[in-house]
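The values are calculated or read from the model by the stated rules, or taken from the named source; none is laboratory data. Every value quoted in this text rests on a predicted model; they were computed, and no experiment measured them. Every residue, glycine among them, receives a Cβ derived from its backbone with ideal geometry; neighbour counts consider all protein chains shown. For the accessible areas, the whole protein counts, side chains as well, though only heavy atoms, and no ligand, DNA or RNA atoms are used. Shrake-Rupley method; radii C 1.70, N 1.55, O 1.52, S 1.80 Å.
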Amino acid sequence: MTLEELRLLRVVQGVLVRNYVDTQKLDVQVIGSSVYIEGELHIFDYHPGKRNSDEKAEKDLGMKRTLLHIEQQIRCLGEVTHLQMKLRNWERRGMQWVAKHETLG
């Protein structure tokens, strides 16, 4: 890994941490100017006391927004030419992210 790849890896990890992503469950790799993220996406819940009847739908909507925001932040980095996110619990469908547990039925 070159110093530039290592620097880019740290920047991408910083984006994930600033969005409260549990980075222990993700494998982030940088090869050249390409970023690869694999694993399960989990966001730390800092308001566990707040519960309501629409909790699951609200949580999924928040996750979708967070995923799009993370993706946008990484793609906006000038040195990133390619971003690939292979997540076990989320998948990209067209222009949006869909929870994989929604497809079971």
Taking E79, is it acidic (D, E), closer than 19 Å to E5 by Cα and either open to solvent by 80 Å² or more (accessible area, probe 1.4 Å) or over 10 Å from the mean Cα position of the chain (by Cα) (or both)?
yes
Anything in the stretch 28-63 that is outside any loop (DSSP other than H, G, I, E, B), at pLDDT below 80 and open to solvent by 100 Å² or more (accessible area, probe 1.4 Å)? List them, or say none.
K56
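So, in the stretch 1-19, of the ones that are in contact with a helix residue (DSSP H, G or I) (Cβ under 8 Å, 6 or more places away or on another chain) and not in a helix (DSSP H, G or I), which residue ends up modelled with the highest pLDDT? Give the derivation first.
Filtering the stretch 1-19 for residues in contact with a helix residue (DSSP H, G or I) (Cβ under 8 Å, 6 or more places away or on another chain) gives 1, 12-13, 15-17, 19.
Cutting the leftovers down to not in a helix (DSSP H, G or I) gives us 1, 19.
On the way: M1: 86, N19: 95.
Going through the qualifying residues, I end up with N19.
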For the stretch 1-20, which residues satisfy the criterion of being farther than 16 Å from I43 by Cα, exposed (fewer than 15 other Cβ atoms within 10 Å of the Cβ) and not basic (K, R)?
M1, T2, L3, E4, L6
